[in-house]
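Worksheet: one structure, shown below.
The values are calculated or read from the model by the stated rules, or taken from the named source; none is laboratory data. Please read these numbers as outputs of a predicted model, since none were measured by experiment. So basically every Cβ, Gly included, is an ideal-geometry build from the backbone, and we count neighbours across all protein chains shown. Protein only, heavy atoms only, side chains kept; ligands, DNA and RNA dropped before computing areas. Shrake-Rupley method; radii C 1.70, N 1.55, O 1.52, S 1.80 Å.
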Amino acid sequence: MPAPRFWDPHGTKFGVSTYPWRLAPDGLATRAQLRARGLRPGGQEIAAQILWRSRRARGGIRAAYLYRVDLAKPVRPMTPAKWAAVYAALAARRLCPACGLDRGYIIPTSLGVCVTCADAPSLAA
């Protein structure tokens, strides 16, 4: 017998079909599961949800939304313009605002500048 707390296949209690962890029916998948198959929801409505208890979540309950696999569409391919935007964004994250150099690594947000610029005051002392 499934956990009665999150077992609501008709959606009377939660407003949408709800299943406990690992008990969702075949033919439904999360966004991550669709992506692993090369699919995306494609504008369809949420078909169901999975609920489970979690100490990390506010309120102690987490949810994952499920979509119908048969209505999912293929993932759109990356265009040259999208690839250029990704490369530009990654390059901007490597640029140190203090010295203006591309350091070849992502500038740590905890420092706000490259490691060399962050260590410069301690090296001068």
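One table, with the values for the structure above:
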read-out: Candidate residues Trp21, Trp7, Trp52: accessible-area rank, largest first, probe 1.4 Å; value: Trp21, Trp7, Trp52
read-out: Helix-derived mean residue ellipticity, 222 nm - over the chain, DSSP H n ≥ 4, -39500 (n - 2.57), to 500; value: -7500 deg cm²/dmol
read-out: Solvent-accessible area of Tyr87 with every protein chain in place, 1.4 Å probe, in Å² to the nearest 10; value: 140 Å²
read-out: Angle in degrees between helix 115-124 and the longest Cα principal axis of the chain, rounded to the nearest 10; value: 40 degrees
read-out: Accessible area per residue in Å² at 1.4 Å probe, computed on the chain; value: 73 Å²
read-out: About the Cα centre, charge dipole magnitude for the chain (Lys/Arg +1, Asp/Glu -1 at Cβ), debye; value: 280 debye
read-out: Other-chain or far-sequence residues with amide H under 5 Å of Gly42's (modelled H); value: Lys73
read-out: For the chain, the longest site-free run once trypsin sites (Lys or Arg not before Pro) in DSSP loop states with at most 13 other Cβ atoms within 10 Å are removed; value: 57-125
read-out: In degrees, nearest ten, helix 80-94 long axis to first principal axis of the chain (Cα); value: 60 degrees
read-out: Cα-based shape type of the range 1-46, given that a ≥ b ≥ c are square roots of the gyration tensor eigenvalues and the cut on a/c is 1.5; value: oblate
read-out: Nonlocal amide H pairs with Ser54, under 5 Å, H built at 1.01 Å; value: Ile61, Arg62
read-out: Charge dipole of the chain about the Cα centre (unit charges at C-beta), most positive-ward option of Leu34, Ala91, Pro20; value: Pro20
read-out: Accessible area of the chain belonging to carbon and sulfur atoms, whole % at 1.4 Å probe; value: 57 percent
read-out: Asp119 accessible area, assembled protein chains, probe 1.4 Å, Å²; value: 70 Å²
read-out: Cα-based equivalent ellipsoid, the chain: semi-axes from gyration tensor eigenvalues, Å; value: 45, 23, 9
